[in-house]
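Read-outs: derived from the displayed coordinates by stated rules, not from any lab. Every value quoted in this text rests on a predicted model; they were computed, and no experiment measured them. Here the Cβ positions follow ideal geometry from the backbone for every residue, glycine too, while neighbour counts run over all protein chains shown.
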Amino acid sequence: KSDGMWIILNNHDVYEAEHGDYRTVMRFLTGKYNEYFLVENRHQEGLDKHLPDTGLAVYHCDTRGSNEHQDGTPENHYQCALIQADGHFDLESSQRGGDEGDLYASIHGIALSDVTVPNSNEWDGSDSGLVISGIGPSASKIAFRTGATLEDKIVHKNIVADQLIPDDDEAGIESSITIDPAGSLVNIRVKVQISHTYRGDLNVQLVAPSGKIVTLHSGQGGTLDNLALDLDPQSFSPLNEFKGEAIQGPWLLHVRDLWQYDVGRLDTWSLTIEYE
């Protein structure tokens, strides 16, 4: 832009994205001339008042991409693809035109990196180096931090559980993720994807290695299908109970179907833990 301003996000620094500042472009450069990332504030005001979500938008851009290619794969992807924070890739699958959960807001720890889901890798799978953390709440101005530091300690694990959930069974099922490094929990993010024909039947708990339990879901949603959780202490305060917990060892996801007739399956779940 000859009449605007470029802000390059490759340095480790704190930035502020202002809504409606169309003269400023916030850009993260990769080692490839055709591939880069853009960040902008899409707060629900003005022209963005009726967007389905509000917060920080991150775009993965490739001048060699094509808007005719909607697969979201290394071979076939948009020229400018919104990195959907919920990891569902609804825009590529044409299931809907975006929804709540696509943008980033109120995330204390690391929101986007090479190990998060979704990630900030380049289309060939290599690490772009983009790390975004400390995202403020959605507002006319949103602060965020870029770049990893030596102080950052984060572990991310994802598991494809693919476990049937027995109907009307108090015992339910357990799925385990083992955390290897030792330390005390500073921040946690848990994602759970369950296919089920009646989410009101479900009770979902996360159990720390110490045995401490936090209930993530207990019957909400009634007759609605399926359950997709994406929780951290900022959006779901009960997770604050885990702060200070020793992270090393098995973390258990306990899923129960407590009513008859409808059945389902635990598809995937993941943990992202910051520690000290």
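Spacing of the modelled spin labels on Asp124 and Tyr261, each 7 Å from Cα toward Cβ, amounts to 5.5 nm. Quick check on the stretch 16-125: take the gyration tensor over C-alpha atoms, sort the square-rooted eigenvalues as a ≥ b ≥ c, and tell me if it's rounded (a/c under 1.5), prolate or oblate. Rounded, since a/c falls under 1.5. Largest GNM mean-square fluctuation across Leu103, Leu47, Leu29, computed for the chain with C-alpha springs under 10 Å, falls on Leu47.
Cα gyration tensor of the stretch 62-210, axes a ≥ b ≥ c as square roots of the eigenvalues: rounded (a/c below 1.5), prolate (a/b > b/c) or oblate? Note, shape of the stretch 62-210 comes out oblate. Entry note, the chain: the mean residue ellipticity at 222 nm calculated from DSSP H runs of n ≥ 4, each adding -39500 (n - 2.57), is 0 deg cm²/dmol after division by the residues and rounding to the nearest 500. Short-range pairs are left out: with C-alpha atoms under 8 Å and at least six residues apart, the relative contact order of the stretch 5-146 is 24 percent. In percent, how large is the relative contact order of the chain, given Cα pairs closer than 8 Å and 6 or more residues apart? It rounds to 18 percent for the chain.
Computed about its Cα centre, the charge dipole of the stretch 154-275 is approximately 440 debye, with only Lys, Arg, Asp and Glu carrying charge at their Cβ. Build a GNM of the chain with springs between Cα atoms under 10 Å: which of Ser175, Ser93, Ser128 gets the top mean-square fluctuation? In the Gaussian network model the winner is Ser93. Our estimate of slack between Val117 and Asp21, defined as 0.36 nm per intervening residue step minus the Cα-Cα distance, is 31.7 nm. Overall, the chain carries a charge dipole of about 640 debye about its Cα centre when +1 sits on the Cβ of Lys and Arg and -1 on the Cβ of Asp and Glu, all other atoms neutral.
With r defined as the distance between the Cβ atoms of Glu68 and Trp6 and R0 fixed at 35 Å, what FRET efficiency is calculated, to the nearest 0.05? The computed FRET efficiency comes out at 0.75. With contacts taken as Cα pairs under 8 Å and at least 6 residues apart, the stretch 19-83 reaches a relative contact order of 25 percent. Of all beta bridges that DSSP places with both ends in the stretch 1-108, some 80 percent have antiparallel geometry. Each part gets one Cα centre, and for the stretch 194-266 versus the stretch 105-169 those centres are 19 Å apart.
For the chain, what proportion of DSSP beta bridges, expressed in % and rounded to the nearest 5, is antiparallel? Around 95 percent of the beta bridges assigned by DSSP in the chain are antiparallel ones. Panel order for Thr197, Thr272, by other beta carbons found within 10 Å of each beta carbon, from fewest to most: Thr197, Thr272. Applying 0.36 nm per residue to the separation of Val160 and Asn240 and subtracting their alpha-carbon distance, the gain on full extension is 26.2 nm. Once you have a ≥ b ≥ c as the square roots of the Cα gyration tensor eigenvalues for the stretch 137-226, tell me rounded if a/c is under 1.5, and otherwise prolate or oblate according to whether a/b is larger than b/c. Oblate.
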